[in-house]
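Peer 1: One structure coming up, written as structure tokens, with questions to follow.
The values are calculated or read from the model by the stated rules, or taken from the named source; none is laboratory data. Note that the coordinates shown come from a computational prediction; the quantities given were computed from them, not determined experimentally. Don't worry about glycine lacking a Cβ; one is built from the backbone with ideal geometry, like all the others, and counts go over all protein chains shown. We work out accessible area using only protein heavy atoms, side chains counted, and drop any ligands, DNA or RNA first. Shrake-Rupley method; radii C 1.70, N 1.55, O 1.52, S 1.80 Å.
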Amino acid sequence: FRRIEDKMPTQSYLHCYVRFRADDMLDEDALRALVHEHGLHLAELSYKLYGEPRLFEYRLVLWSANPASARKLAEALSACPSVAEFRISPSKD
């Protein structure tokens with residue numbers, strides 16, 4: 001069975017949060033498009049508004065069969081001027 005398992009595509013799951021200043025944030029549709037553009041699929045999405053200055057946070061669970069997708073998304077988020085902070089963490093989910 002090991003040979004069969006080695007040939008089967010695997011899915012990587014990622015936990016991600018992205019924070020924006022509340023007055024300069026990506027809307028949900030734009031965030032979904034960004035995620036999809038980098039080969040990731042959205043499994044879960046939640047929102048949070050907090051702090052001073054007001055920050056808006058998306059929390060996502062993402063999956064992909066391409067191990068490079070997380071790096072590509074991180075590069076895109078780093079280049080986005082409206083992103084205040086983000087974190088992408090691999091998961092065993």
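Peer 1: With angles folded into 0 to 90 degrees, how steeply does helix 69-79 sit against the dominant principal axis of the chain? Use alpha carbons for both and round to 10.
Peer 2: Long axis of 69-79 versus the principal axis of the chain: about 20 degrees.
Peer 1: On to the next question. What shape does the chain have by the C-alpha gyration tensor, where a ≥ b ≥ c are the square roots of the eigenvalues, rounded means a/c under 1.5, and otherwise prolate means a/b greater than b/c and oblate the rest?
Peer 2: The shape class here is prolate.
Peer 1: Using only protein heavy atoms and a 1.4 Å probe, report how much of TYR47 is accessible, in Å² to the nearest 10.
Peer 2: Roughly 120 Å² of TYR47 is accessible to a 1.4 Å probe.
Peer 1: At 7 Å along Cα-to-Cβ for each site, give me the label-to-label distance between ARG3 and ALA30 in nm.
Peer 2: 5.2
Peer 1: Accessible surface of LYS72 in the full protein assembly, 1.4 angstrom probe, to the nearest 10 Å²?
Peer 2: Ignoring ligands and nucleic acids, LYS72 comes out at about 80 Å².
Peer 1: If each DSSP helix of 4+ residues adds -39,500 (n - 2.57) and the sum is divided by the residues in the chain, what number results at 222 nm, nearest 500 deg cm²/dmol?
Peer 2: Computed ellipticity for the chain at 222 nm equals -8000 deg cm²/dmol.
Peer 1: Measure nothing fancy, just the Cα-based angle from helix 28-37's long axis to the longest principal axis of the chain, in degrees from 0 to 90, nearest 10.
Peer 2: 30
Peer 1: Using 0.36 nm times the number of residues separating GLU44 and GLN11, minus their current alpha carbon distance, what extension gain do you get?
Peer 2: So the extension gain works out to 10.3 nm.
Peer 1: What ³J(HN,Hα) values, in whole Hz, does the Karplus curve 6.51 cos²θ - 1.76 cosθ + 1.60 give for the range 81-88 when θ = phi - 60°, with x put for Gly and Pro?
Peer 2: The phi angles translate into x, 7, 7, 7, 6, 8, 8, 10 Hz.
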